[in-house]
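*Asks:* Provided herewith is a single structure, encoded as structure tokens, for subsequent inquiry.
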């Protein structure tokens, strides 16, 4: 019985050795490396992050829609600001515009320009201001300005 066990073990070891030899022979081609050693461009991602704040840049604004647009490809991503007014996008290297959806009667006091992202982080902060109400000043003639009748 012991001889059969030894034979089975020897056969298994021999089978594994033959399989390994066949695999190594099939992978070897004269003059061609098995592993591709050519240089590849690094295509690491970068991030665009920022904060949306209210007037004076003091209050973080939650729940605002931010969109990042790749200027060259037109590819878009959209997120909503967190409770701290923050947002982050993971993007491929390229040029990006960042847009904030404003609500009625809001204006932008501060916004980012086009950002160049190349395996790095870019900052895109926004400050929202409330639209000021402009009342027209009436400088036309008045019937009674409190000075009495006009002199002819």
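*Asks:* Could you work out the relative contact order of region 46-130? I mean the mean sequence separation of Cα pairs under 8 Å and 6+ apart, divided by the number of residues, in percent.
*Replies:* Once divided by the residue count of region 46-130, the mean separation gives 39 percent.
*Asks:* Could you tell me whether region 46-130 comes out rounded, prolate or oblate from its Cα gyration tensor? Rule is a ≥ b ≥ c as square roots of the eigenvalues, rounded for a/c under 1.5, then prolate if a/b exceeds b/c, otherwise oblate.
*Replies:* The shape class here is prolate.
Bear in mind these aren't lab numbers, they're just calculated from the coordinates by the rules spelled out. Model, not experiment: these values are computed from the prediction.
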